[in-house]
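Some notes on the structure that comes next.
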Amino acid sequence: MNRLAHPRTLIVVLVLPLLVAALGMWALSGRVDRLDAVPAAVVNLDEGAEVTDADGETQTVPFGRLLAGSLTQPGTVEGQEAPEMTGFDWRLTDAEDARQGLRDGTYAAVVTIPEDFSAKVGTLGTPEAVQAQLHVTTNDASGQLNALVGTAVAQAS
């Protein structure tokens, strides 16, 4: 029977891939469990809007506040079911705190609701309809967080 000429080579060939796999599994362990701990900020600059309903009555509607509430306190907005897991720990804050938090890593993402958000949402169903936009900013270290933030905001709307 043939004896191995270099038993160390066999050990390296067998053990090295196992070590790499174990290190990878350790690095990724718990990611799904900690998904709800991703800190994100909501900055609501919306001023609300006067909307005239079908009866001709005018009322002030704060669509930005409703969206911010849906994100930061899911299930508290009337008619909205609380999702089991949003994927983010949303915090309502101001623009300066959000900018600083994004810079220092306190927040992985910031959703800014602009001043004219309610005014634009209020045009839905009219001939003058205008698309309302949100501003999503992520830090460079957060990778593909934009898509996840977009999904969370869409679910909250």
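Just so you know, all these numbers are worked out from the coordinates, no wet-lab data involved. For clarity, every value in this text was computed on a predicted model and none was experimentally measured. As a convention, Cβ positions derive from the backbone with ideal geometry for all residues, glycine included, and neighbour counts pool all protein chains shown.
Each other residue within a Cβ distance under 14 Å of THR60 adds +1 if Lys or Arg and -1 if Asp or Glu, for a net charge of -4. Subtracting the Cα-Cα distance of GLN133 and GLU57 from 0.36 nm times their residue separation leaves 24.7 nm of extension gain. Amide H contacts under 5 Å for VAL38: ASP89, restricted to partners 5 or more places along the chain or on a different chain, H placed in the peptide plane at 1.01 Å from N.
Round to the nearest 0.05 the FRET efficiency obtained for GLN73 and GLU96 when R0 = 35 Å and r is the Cβ-Cβ distance. The calculated FRET efficiency here is 0.95. Net charge in the neighbourhood of VAL43 (other residues with Cβ under 13 Å of its Cβ; Lys, Arg +1, Asp, Glu -1) is -2. Couplings 3J(HN,Hα) of the range 40-49, computed from phi: 9, 10, 10, 10, 9, 9, 4, 9, x, 8 Hz, in residue order, whole Hz [Karplus 6.51 cos²θ - 1.76 cosθ + 1.60, θ = phi - 60°; x for Gly and Pro]. A simple rule links phi to the HN-Hα coupling: the Karplus curve 6.51 cos²θ - 1.76 cosθ + 1.60 with θ = phi - 60°, which for the range 116-129 gives 9, 4, 5, 4, 6, 5, x, 7, 4, x, 10, x, 9, 4 Hz, with x for Gly and Pro. Under Stokes-Einstein, with the Kirkwood radius over Cα pairs as Rh, the value for the range 97-143 at 10 °C and 1.306 mPa s is 129 µm²/s.
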